[in-house]
Amino acid sequence: MNATNPSVAKTPLILCAADIAQHAGSAIETNCFSSAETDCFISPETDCACPVERPTFPSDSAVEESVAYHMPALHTDTLPGDYVLAFNPLGSAGVVVLDRAAWALLNRFRQPRRLTDAAGEDADLHRAARRLAELELIRRIDRPAGARRAAPQTLTAWLHVTNECNLRCDYCYVSKTPDAMDMARSRQAVDAVVRSALAHGFRRIKLKYAGGEATLNAPLLFATHQYARECAAKYGLALDGVLLSNGVALGSRLIRQIRDSGLRLMISLDGIGDVHDAHRRFVNGQGSFTHVARTLDRLAEHGVTPSISITLSRRNLAGLAATVEYVLDRGLPFALNFYRENDCSAGAADLAFQDDQIIAAMREAFAVIARRLPPYSLLGALIDLARLDTPHDRPCGVGHSYMVIDHRGGVAKCHMEIERTVTDVAAPNPLRLIRADAIGIQNVPVDEKEGCRTCTWRYWCAGGCPALTYRVTGRYDVKSPNCRIYQALFPEALRLEGMRALRYGSTNSSSNRVRRSRSSRITDRWIG
C-alpha cells in the first residue's frame, strides 16, 4: 500500500475493534478487567489485582474544526485484503482497521493540517477525518502527547475464605492449613470494604472469593455475597462477584447455587491430560484433569460459562497450543498467565521458563487463535499482566484500589503477600493504611521506572508485576523481567485483534463506511 498515494476514495472504511464485541455466556476472568464497566465486552479476570476500568485513560475525543491535527507515532501492520491496522500507543481507542481510502486520508496528516484542509469539500471524507480524530489516530497539535490517568471507580477486594485446598499445585503461593473464615469475620470483611469504598469515592466494589479452594467453604461464600449485595444496595454501590476455583469438585447442586447467586466463575486449567496434571495434583499426588473436564461438562449442561485461567510454566509450554484449541472449541473465554516464583514454589526449579521458550509457545497458541477467532476481544487476556485493551500506568491495583482480607481478618496489600498484613478489618479505613504503607510492595507508575520511560508499550504492560520485578531485581522502579517477552508478543496480539475486527466487523455498516458500501472478502489466513 502506497502511503503517499494522493488518490483518496470517497468512502473510507474505519473499523474500531473495541466497538466489535458480542455477548457471551459470562465474562472472561483474567487479571485486568471487569464486566462491571459494561455488558458489551467480554471482560478479563484472574487471581490478580489488576485494574478493572476501561478505559483507564479517557479519550480526548472532542473534535475541534479550527485547529490543526497531525498523525502521531503509530504502530501499524498490513492485514489481508489490503487493509491496515493502526494503533496509537498513547491513545485509548485500541486497534483500528483502515481500508486503502482511510489509510490514504490518515497519511494526509503526516503534516499538520485542519480537518477541512485534508477533506476538502467532500462531506464523506470530512466525517471520516473526524472519526480519525475521535479514535486518536490524529491528534490536535495544541495538545501534549501522552495518556492521561482517570481515577479508578472500582475497589477490588480478595476475600480469602479458606486456607484449605484439595489440591497441591506446585506454583501456589499459599501455605495450606485447615483454617477458614467464619461468618462474623466475613461480614466484618464486607463492612471494611464498603467503608473504604465510601471513604475514597469508589462507585463499585468487586469481591474475589478465593483460598485455598473457596468452594470448600461454600455456605459462607454464598452468605457473604448475599450480605455484600444488601450492603451495596444500601449504600448505592455497584457490586461484582467472582469465584476463583480449581474446578475439581463442583457438583450439580453447587453449580446451580453459583448460577443463581449471580457470581461469575473462574476455573484453572493448565493443559490437557498429563500436561494439566504436571501442575495441579490432589494431595495424594493424583492428577486432577479428569475432574476439571467433568466439571466443565456439568457447567455446560447448566448453562454456566466459566472463564479459564491458564498458568504457564516450563512444564506445560509444549501443550499450550492444544490447551488453547481445547478451550476455544468449547467456547470458553480464557486468559494466559505466567508463572511467578514465590516462597512456596522456590524449590520447583523446573517451573521457570526462558524468554525464547515462552515466546515460541505463545506464537503457536496465537496461530491457533487466528484460525478460531472468537467474536470477543482477547486483548486484555493474552499476555499475562499486560493489557492491550486499555492503557494504564500501573499493572495492577495493589496499594491503590485493591485489598486482600485473609481468613483471620487481616488486611494485606497483595494476595502474594497475604501473610504480611498491614492492618485488619476493624480499622475504620483499611485502604488508607494500605496506601500509606511504605514497607510492602510498591506499585510505582510506569513513567517512574528505569527502562520504561520512553518505551512505546509502557502504558500497556505498565512495567509488569511489581512483586515479580522486586523478587528478580530487588527494585520496584525498574522494568519487568518479562519486558523482552512483552515487546516480542505485543504486535502479534494486536494483529489478532485486527483480524478479529475484519472477521466480525461490518464492512458495509453505515457507521463504518459513509453512504456507499462494497463487499470485501476477508481471508482467514494468518500472516506471521
* To do: Write out, first by first residue and then by second, each pair whose Cβ atoms fall under 6 Å of each other, whose residues are 6+ apart or on separate chains, and whose first residue, in region 170-194, is within 22 Å of residue 238 (Cα to Cα) while the second is at pLDDT 95 or above and among the polar types (S, T, N, Q).
  => 186/224
* Structure fact -> Matching residues in region 183-199 (closer than 15 Å to residue 408 by Cα and loosely packed, with under 15 Cβ neighbours inside 10 Å) number 2
* Kindly list the number of the only condition in (1) over 14 Å from residue 248 (Cα atoms); (2) at pLDDT 95 or above that fails for residue 342. => (2)
* **helices (runs of 4 or more DSSP H) fully within region 108-201 counting 2 or more residues that are not assigned by TED's automatic domain parsing to the domain that holds residue 412 and not aliphatic (A, V, I, L, M)** => 115-119, 123-134
* To do: Starting from residues that are touching a Leu at 6+ places or on another chain (Cβ under 7 Å) and not hydroxyl-bearing (Ser, Thr, Tyr), keep the ones in region 50-74 and report whichever is modelled with the lowest pLDDT.
  => 50
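Looking at region 108-128, which of its residues are surrounded by 19 or more Cβ atoms within 10 Å (Cβ to Cβ) and out of contact with any Phe, Trp or Tyr (no Cβ under 8 Å at 6 or more places or on another chain)? Break it down stepwise before answering.
Filtering region 108-128 down to residues surrounded by 19 or more Cβ atoms within 10 Å (Cβ to Cβ) leaves 108-109, 115, 118-119, 125, 128.
108, 119, 125, 128, listed by residue number.
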* Enumerate the pairs (first residue in region 217-243 and closer than 11 Å to residue 261 by Cβ and assigned by TED's automatic domain parsing to the domain that holds residue 201; second residue anywhere and among the hydrophobic types (A, V, I, L, M, F, W, C) and in a loop (DSSP other than H, G, I, E, B)) with beta-carbon separation below 7 Å, excluding pairs fewer than 6 apart on the same chain, so at least 6 apart or on different chains. => 221/161; 225/263; 241/263; 243/263
* To do: Residue by residue through region 346-386, note down the ones that are of a type in the set (Gly, Ala, Ser) and free of Cβ contacts under 8 Å to residues at least 60 places away in the same chain.
  => 346, 347, 349, 352, 360, 361, 365
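In the list 426, 412, 381, which residue meets the criterion of being modelled with pLDDT under 95 and either in contact with a strand residue (DSSP E or B) (Cβ under 6 Å, 6 or more places away or on another chain) or farther than 30 Å from residue 323 by Cβ (or both)? Talk me through it step by step, then tell me what you get.
Numbers: 426 fails: modelled with pLDDT under 95; 412 fails: modelled with pLDDT under 95.
Unique residue meeting the criteria: 381.
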* To do: With the condition kept exactly as written, say whether any residue in region 368-375 is surrounded by fewer than 23 Cβ atoms within 10 Å (Cβ to Cβ), at pLDDT 95 or above and closer than 22 Å to residue 467 by Cβ.
  => no
* Go through region 64-102 and give me each residue that's buried (at least 23 other Cβ atoms within 10 Å of the Cβ), within 29 Å of the chain's Cα centre (by Cα) and not in a loop (DSSP other than H, G, I, E, B). => 83, 85, 86, 87, 95, 96, 97, 98
* Hand me the list of strands (runs of 3 or more DSSP E) wholly inside region 396-474 holding 2 or more residues that are closer than 19 Å to residue 152 by Cβ and touching a residue at least 40 places away in the same chain (Cβ under 8 Å). => 402-405
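The values are calculated or read from the model by the stated rules, or taken from the named source; none is laboratory data. What you see is a predicted model; the values in this text were computed from it and never measured. So basically every Cβ, Gly included, is an ideal-geometry build from the backbone, and we count neighbours across all protein chains shown.
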